[in-house]
Amino acid sequence: MTWGRLLSAPVFLGLLLFFGIIVVFKLPMICCQRLRAVRWLSVAGLCYYSAGVTATVLLGLEWWVVLLATLAALGGGWLLPDPVSFILSPARRRAVRRAVEFIERQGGPHPLYGMVAVVGSEPGRLVVSVAVETRCIPPGRRFLAVGADGAIEELDFEYVAEAHGVRAQY
């Protein structure tokens, strides 16, 4: 089979288009993750997605295209840990950002921004689960307790599983 036949195959072109859309859709998160810049993720996402929505409006596209662009902006993975918690829970937003920044400062494997979650709370602190890039499936996880004062303590899986009901994922 020649490359010309492979490239003209409708399935291949469909997959290429699908992956291209995913990359464009997640571009701010991908860039900030590679640059270890969680601090700039919300600003980059706001600029990127607002420019996309504005472009769809200025181009005079149909209402459903503008609606899709707006939904893509809300679900683009740029509001950590998720859009609802980002807006309604500043404590969760700060805890997740501090946990990711803590892992980024240590070097080593990159934290995966799309797989960060608050898994529980303890008196005066939130427990954050951060997936890290380990080149295997499922990715590695680190559990951090982030205090309201900014103190961070690394927790082991056994403690988090017992205290917060987190299960191992295989």
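The values are calculated or read from the model by the stated rules, or taken from the named source; none is laboratory data. Everything quoted here is computed from the prediction, not taken from an experiment. Accessible surface is based on the protein model in full, side chains and every heavy atom, while ligands, DNA and RNA are left aside. Shrake-Rupley method; radii C 1.70, N 1.55, O 1.52, S 1.80 Å.
Per residue, the accessible area of segment 91-141 comes to 50 Å², computed with a 1.4 Å probe over protein heavy atoms only.
Taking each residue as 0.36 nm, the span from L59 to A163 lengthens on full extension beyond its C-alpha to C-alpha distance by 32.2 nm. Principal-axis analysis of the Cα atoms of the chain puts helix 63-74 at an angle of about 30° to the longest axis.
Maximal additional length on extending the A91-F18 stretch stands at 22.7 nm, based on 0.36 nm per residue less the C-alpha distance. Centre-to-centre separation between the Cα atoms of segment 20-99 and those of segment 104-170: 23 Å. Once you've got the GNM for the chain with C-alpha springs shorter than 10 Å, pick whichever of G60, G14, G45 has the biggest mean-square fluctuation. It is G14. Considering only E62, E104, E158, the mean-square fluctuation computed in a Gaussian network model of the chain, springs between alpha carbons under 10 angstrom, is largest for E62.
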